[in-house]
Structures are given as structure tokens and as C-alpha cells.
Amino acid sequence: MLVWLILIPLVGGVLAWLFDRAGNRWPRWISLFAFGIDLALVLLLWVEHPGEVDLTANRAWFAEIQVPWISSMGITIHLAIDGISLLLVMLSCFLGIMATIASWTEIRERVGLFHFNLTWTVAGIIGVFLSLDLFLFYFFWELMLIPMYFLIALWGHENRSYASVKFFLFTQVGGLAMLLGILGIYFVHGRQTGIYTFDYSELLGTRMSPNTALLLMLSFLAAFLVKLPALPFHAWLPDAHTEAPTGGSVILAGLLLKTGAYGILRFAVPLFPGAALQIAPWAMMVGVIGILYGAVLAFAQTDLKRLVAYTSVSHMGFVLLGIFAWNELALQGVIIQMLCHGISAGALFMLVGSLQERLRTRDTRRMGGLWPVAPRTGGAMLFFALASLGLPGMGNFVGEFLVLLGTYRVSILLTVIAAGGFIVSTVYALWMIQRALYGPNEEGWRIPDLSMREVGAMTAMVLAILWLGLYPRPFIHTAGHGLDQIQKIVRQARADRTIMPPIESARVR
Amino acid sequence: MSIPLMPILPLIVVSATSVVIMLVVACYRDHRLTHVLTLTGLALAFATLPAISSQVPAQVTPLFLIDGYALFYSGLILLSALVVALLSYDYLEGRREDPAEYYILLLIATLGSMVLVAASHFASFFLGLEVLSISLYALIAYDRRPLMAEAAVKYLVLAAASASFLLFGMALVYAQLGTMSFSEIASKLASAGATDLVCVVATVMIIVGIGFKLALVPFHMWTPDVYQGAPAPITAFIATVSKGAVFALLLRYFSGMDLHAYGPLFAIFTIIAIVSMFAGNLLALFQTNIKRLLAYSSIAHLGYLLVAFLSSGPLRVSAVTFYLVAYFVMTLGAFGVVTVLSGKENDADRIEEYHGLFTRRPGLAGIFTVMLLSLAGMPLTAGFIGKFYLVAAGVGSMLWLLVITLLVNSAIGLFYYLRVIAVMFVREPEPGVTLPARLLTGGFVLAALFVILIWLGVYPTPLLEMIQAIKLGAG
């Protein structure tokens, strides 16, 4: 079952490539179909396990599979899904469909290859969300990079080769640092217990000196913070997002960034609970700075895609803040925020992409007066801009509010500053609408409005955001069990730590 | 004293094949016949390996130690030679009338490499090295084009110089310790202590000799020119078989010694490794010639291998061996593509010839892409598992400086591999570049290499188990 979730897009990608010769229509439908089946599978799983796993059995996962792979190194194919992964996989399939739709008319060259890369990126991302073996995790982590690089490098806009190389370099260096961390914890654990394994559940609770833990944790964070992105590792993001084709931007903003957050949530904090506690104040501060910095810079952009890209930096700041506040409310907020940002940023990129396809520019200074020309585009854009600024009733509000509520218990000062982000985000969101849609239509644009296909996609996304905003309980409920588990692990590890620090430091190596 | 012949049967088969071809050629020259004979000989030699595996380890005279390690590397060398021979047929057809000598030389070079991996004595070490080198001089210049002559002369001069260093080093070791057998050298060195200056100097000279063959910085100057000048299949042979055999010998020679105990040697190797990685990758960034680019990248790859070589513990031999296998497959694959694309006049080594290859030859472009991604260490390919193994070996021995250098360099390496890949997909085909007609053998070989590469990247367990079963004797 879990293997299928990854295999279907992989196979779909190969088929899409093979059917390239049969006409451009084929790859699009195949990729749509592959994501559709995947989404159906996840939904099925969701219906079966709406929330609590039956606690009597004390199972941590909705579904789990473990088969040996490279046994001599203690590597297994260990996939498992809990509420957190389930929601994120669902988001992946949903956005996969959206990205395919967004590329429907935009991509006209090498269509088969494009969809091959698209499906493989998403398959890699789903793999990241499902792996519980650190080697496998690293495997998928790297796997999703290459097709993403090609998406930007081959189908991107003007400055694509610069952007794609920058993207690749940042993420690759981060990934390699994580590889060091993975091997570090592998050997630390192996030397202590004699069991050399990459298995997540075995490695949990590995004892190590605070300094070792801090170093290893930082090497993990290097990869995750680059992806998230947190200041000062965000430099790749505006370029990559701006230059990528629309489908690529949707995947980048909607999914790739979430893998960073997921990594911190699933691996960095539970594996190194002590070190996480140690750096939490700093990480939260970085998060808050990211919120404000992203919002202020977004306000200063004239390139519409760049603007949306910077709002991602701002929104992911909330995620970082919430994770390191590390309490139930904040974590729930993080989950909702990830889902909502995935959808709203994806939608904004699709809208900007469709504008660019029609206007051949992303420059807000040349836009204006588009509302009367294309009311459907305008309406959708206004909706997602409002979602992005955190209007109550939309999902993003719930996410950000919960994060702030959780942070309030940890640090009032940071909460106050972070709340300032709301103000700036209101400014940039309204400014964007103002400049692009209202005012005089100086260049005399005459463009076709959203097609039925795009309207369909937008409707789905609007409904999703409204659902998350008005009735987020099912989502919180689903993720709840997974969040409980993670928190339990960390609580326990921290409790152990306080009991016996002297023995522990002597035991290292 | 009778010498047991069974364990050295593969060596005998390969030498016999070259003799047979020589005799046949004297009566009847035919490219196809020679080709088939060569392939048969190599395949026969390979087929003897399983039969021998029950008799190892066997010391055959003081010169050869046939153990699992030697057999494994012999097998690797034979298969690679087979691939090179297969690729050579179409390449040579139409270039030369009757390239019989080419195959004879190829067989002899193979023989030299097999001697090297089984050598346990200075005499066999030097013998193997010279047999390999001398046949390579002729092979590099085989097509008699100016560039080739230049490459061959360069290789000749530098190889001769390095051989003299090597000999001098050997002589010093013999003068000091009174033995030429690897295992005795190791034990006597251990008792003599690490401080003996003459021994250190001698070992450094041996390292110089080996370093030339492996093209480690600062002994790498010949590499780009020879890679560029030599016929593409021979370049593949030099990059894989010749370097692999010498590296296997290096590992065996130092296997009896604890490198960490010899401070200066360890430092020298560390510096060589770091400089090789950086120089190889940084210089590769500026290349516009595919063969030169691969030359510099191979310098860096040998540097990566040194990281595992310098580590200690159970992972050492298996990491080196696995990476070498992966390196053989991807290098043969990459040069295989170059070979297949080469026209009658020149090798396809200018990057312009790869512009838009994807639209014209999607299969070849796809294989080349995967080979390059494997060289860059991307997942789903053998290069990923191999690099992971190297890093694991390094981290296991806490060689942080080397490991971090390796990681930084993999990031640098990505740049130029990706550039070549992007060129194949993005650019429009350069006008005036003609592609050769469809080549069946070459395509088949490349497809096989591709399958092996992916298979090793996805399910390496069988090979890993095989490698871990290998016992390495010091001879």
C-alpha cells in the first residue's frame, strides 16, 4: 500500500515519457491519472483511520512496512504513515494534480519529459514523508532534487540556468551536511549498542554528549533550514521560484518547503531532544525574523512571482516558530499552516503563472486595471491574497493563530513581534491586488479570463482553504495522534536526560 | 618444486589467447575473427574463476598470492576488458585495415593488470606494471594521429620516470629490510618502527610511482592529454582497468601496515587525497572537452577512493572495492557513449557535439545522463551507494577533514556534470555534427552497463555480500 503510493507516480512518470510520441495530450492525462489514483488511495486510508489509532494496541502508525534492503549496513526499506505524513502525502497528491493542470497549456515542448520530472519529484517528496529509515530518507531527499533541477533548468524562464544551479547547490550542500549527521548518529548508536542501523525507531533515544548532539543536530538542520527556508539560507528561494515554470513553482512552494518542516518535526527534534531545547530560542528568533523579513521584502517586489516567493519565506517563518515552541497548540498550528500555505501559495503561483502566460510579463508596474478584463482571475487572486494575509475564515488564519497561541506560552515578546507580521502581510497582499488588478489599464490589456479547467482547479483550492479555515477539526484530529507520539518521545527523552547526565557523558564512544 | 598451475589459470588463458591470435594473424588476417578470438579468450578466462574460487588462498611461488581479493579484481578486470573489446570493434572498423595488434596489446595489458592484483612481491609488482604500461604506449598511439602520438610520448616519458622512482624505492626497501615480499616488508617495518628514515623515503618513492599511475595530484599532468589523445575505448581502459588494478595493488601493499601508525605517510596520503579532489573538480569546471572533463573528474574520483583507503576498520576494503566497481561501470558507460558517438575521423569529445543529443538520440542521451548522475553520486545509481559507502568509511574512522572535503567536492562536481547534461537537453543540435549510424553492439553493451548501474544502485546487497566475503591477504 505505502509502496504503491510511491510507485504509482514513478511508473506514471515513465509511462508519460514513453507516451510522449503519441501526442502531447497523453503525458498530461497519464500524470493526472497517476496523482488521482494516489490521492484516492490516501483518501481511502484517511477514511479508514480518521484519527486515533486504537490506543489499546499502542500502535504508532496507520500502516507500516519494513523489508530488508542492504542488510550488511543495517538499511531497511521502512515506510510508515501516521496522521502527519498522511496529511502531507494528501497535500502532495492534491498539488500534483494542480501542477499538472497548471502546466496544461504552459508546457508545449518536451511534454513527456516534463511530466516525467514532475511525477518523479512528487514521488520523491512522498517518499520523504513516508520513510522511517534514515538512509532511505536521504535517498528520497536526494531523489527529488534532480527532477526538480531539470524542471527549473529546462522549462524555466529567462534566468533559469542561474536559478537552477543556485537551487541545486544550496539544497545539495545542505543535504550533504545531513548525510554527515546521519552517519554520525549511525556510528554513535552502533558503538554504544553494537547494533548498526539506520532505523528511526531504533535510533530514537540514542545517548550522546550534549556537544555531539548539538553538532549532529545542526548538520540535520542545515538541510532542513535550507529547504524551509529559514534566514539566512533562503537566498535560493526567490530565484528558483521566480524562474521555475508554474507547475514547478507550485511543487516548490507547496511541497518542497514542507519537506524541510517535516524533517525538523520528525527527525531533528525527536532524535536530538536535548539539543533542540538548547537552540529553541535561537530557532524561534530566526523564525520571527523570517516572518518579518519575508513580508517586508515581499512588499518591495515588483515581480509578481518574486513577491509570492517572499511571502513563502514569511509563512514558513511561522512554521519554524511553531515547531520550536513545541507544544500541542503550536504544533497543530504548524500542521494547518503547512497545508494552507501549500494550497494558497500554490494557487497564487498558478494565478500569476496564468497571468504571465497571457501578458508575457510578471512586472506589476506594467499591470493594472485587470479586474474588469479578467474578473475570474481577479476574484481568485483576491481570495488567495486575503487567505495569505490571514483573514479569519480561511485556513491560514487558523494556522498562524494557533502558532501564535502556542508561542505565547513560551515567549510573549516573540509572539508580539511575530504578530506584527500580520500587519505587514496585510500591506503586501493588498498592495499586490491594488497594483495588479485595480487602477487604470494603461497598457490596454485584453486577455482571456481563466478557462474552465483553471476555474475548476481554483474552485477545489478555494474549497480546501475554506474547509481548513472553517472546520479544521478533522485535520487536527488526524494529525493529533502523530503529534502526541512525537511529543511523548521528546518528553521521555528529556526526562531521562535530567536523571542521568553524568553517566551519559561518560558513555559516549 | 612443482608450481600449482590451477590458481593462475586465468593468467595462462589470457596469455595463451594472445599467442593464439598472433599465430592466427600470421596466416589469416581478419578483424572479425580476431575480435571473436579475443572475446572468447577473455570469456574463457572469466569462466575459470569460479572453478578456482574453491582453491584460494593459494600462494603460487613467492610472486603471486591468489586469494579471493585477487580473483574478484581479476573478474572485474576481465569483464571491463571484455566491454572495451566489444566497444572497440565498431570503433576500429573503418579506421584501420586490420587492427589485429590492437587486440593482442589489449590482451597483454589485461594480463599485466591481472598480475598486479595478484602480486605479493616487488618483482611481480614491477613486472605487471611494465607489461601494462608498455602495451598502453602502443595502444594510445594506435591510430597514428598527431594528438595520439603526443599523448603516447607524454605517457611514455612520465611513466618511465615514475617507474624509475618506483624501482629506486623498491631498491631502498630491499637494502634496508632485505626482503621483497609484501607481508615480510609489513612485519619488518612494524618491528623496525615508524621512525626509520630510509624506509619512509623509500615508501614515499613507491607512492610517487603509484601516484603517477593513479593520476593523483601532483602526478596527474599526463591525464588530460592522454585521455584526450588516446582512442576512446583505450581511454576507458586506462581510466578503469589500469587505475583500478594499481589501486587494488596499493590496497594490498599497505594492507599489512597500520597507516595510522606512520604519521608522515598518513599525512602525505591525506594531502594527496585532498589536493586531488579539489584540483580534479576545480579544473574540470573549465573544460569544454568531454574527454578532458572526464579525465579531471577521474582524478577527483581517485581522491575520493583515498578517503576510504585511509580509513580503518571493516568498511575499508569493501568500501574501496564497491566504489571501484561502481566507478568501473560508470566510467566505462560514459566513455562507451563517447566511443559510440565517435565518427571515423575524430572522437566525439567536443561539448558542441553533445548539443541537443536528447532530441536526436534519446537513448544514448539518457544513458549518458544516468552515467554522469552516477559519477555525481545521485540516488538510484551505483555511484550513490558507492559514495555513501566511502563517506561511511570515513566517518567511521573519524577522518572529518577528508570527509568534509569529499562532500564539498561532490557539490562542486555536480556543477560540471549537470552542465553537460543540460547541454544535451537544452541546446539545439550544432549544425555540421554528424552522428554515426546505429551501432548494435555498442548499444547493447551500453544498455547492459546501464542496467548494472541501476541494479547496483537499487539493490546492491548481492554484490555487497560478495565483497564482504573477500579476504585480502598481505601476500
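Data overview
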quantity	calculated
Helix axis angle, A:145-155 relative to chain A longest principal axis, alpha carbon, degrees	10 degrees
Neighbouring partner chain Cβ atoms per residue of A:72-82, average, 10 Å criterion	2
Average beta carbon contacts from partner chains per residue of A:173-180, 10 Å cutoff	5
Relative contact order [Cα under 8 Å, 6+ residues apart], the stretch B:6-469, whole percent	14 percent
Folded to 0 to 90 degrees: helix A:83-102 orientation relative to chain A principal axis, Cα	20 degrees
Stretch in chain B that is longest and holds no GluC sites (Glu not before Pro) that DSSP places in a loop and that have at most 11 other beta carbons within 10 Å	B:98-344
Loop GluC sites (Glu not before Pro), the stretch A:83-163 (other Cβ atoms within 10 Å of the site Cβ: 11 or fewer; DSSP)	A:GLU109, A:GLU158
Cα Rg over Rh - the stretch B:257-351, Kirkwood	1.10
Net charge contributed by nearby residues that have their C-beta within less than 10 Å of B:GLN228 (K/R +1, D/E -1)	-2
Area of B:SER15 that stays accessible when all protein chains are in place (1.4 Å probe, Å², to 10)	40 Å²
Chain A - mean residue ellipticity at 222 nm from DSSP helices (-39,500 (n - 2.57) per run, n ≥ 4, rounded to 500)	-24500 deg cm²/dmol
Rel. contact order, % - alpha carbon contacts under 8 angstrom, at least six apart, chain A	16 percent
Centroid-to-centroid separation of the stretch A:1-55 and the stretch B:237-252 [C-alpha atoms, Å]	46 Å
Neighbouring partner chain Cβ atoms per residue of B:391-403, average, 10 Å criterion	3
Which of A:VAL373, A:ILE81, B:MET148, positive extreme of dipole for the protein assembly as shown (C-beta unit charges)	A:VAL373
Evaluated over chain A, the Cα radius of gyration and Dmax, each in Å	22.0, 75
Among A:VAL42, A:LEU297, A:ILE251 - extreme Cα towards positive end, dipole of the protein assembly as shown, charges at beta-carbon	A:LEU297
Helix A:473-499 vs. chain A, principal-axis angle (Cα, 0 to 90°, nearest 10)	30 degrees
DSSP-loop trypsin sites (Lys or Arg not before Pro) across the stretch B:300-352, with at most 12 other Cβ within 10 angstrom	B:LYS344
Furthest towards positive pole of dipole, A:THR242, B:THR48, A:LEU437, structure part the protein assembly as shown, Cβ charges	A:LEU437
Euclidean distance between Cα centres, the stretch B:381-410 to the stretch A:391-406, Å	44 Å
Chymotrypsin sites (Phe, Trp or Tyr not before Pro) lying in DSSP loop within the stretch A:373-449, provided at most 10 other Cβ fall within 10 Å	none
Part-to-part distance (alpha-carbon centres) for the stretch B:85-164 and the stretch A:329-358, which is given in Å	61 Å
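The values are calculated or read from the model by the stated rules, or taken from the named source; none is laboratory data. Remember, predicted model here, so these are calculated numbers, not experimental data. Note that each Cβ is placed from the backbone with ideal geometry, even for glycine, and that neighbours are counted across all protein chains shown. When the accessible area is computed, the model is the full protein with side chains, heavy atoms only, and any ligands, DNA or RNA have been set aside. Shrake-Rupley method; radii C 1.70, N 1.55, O 1.52, S 1.80 Å.
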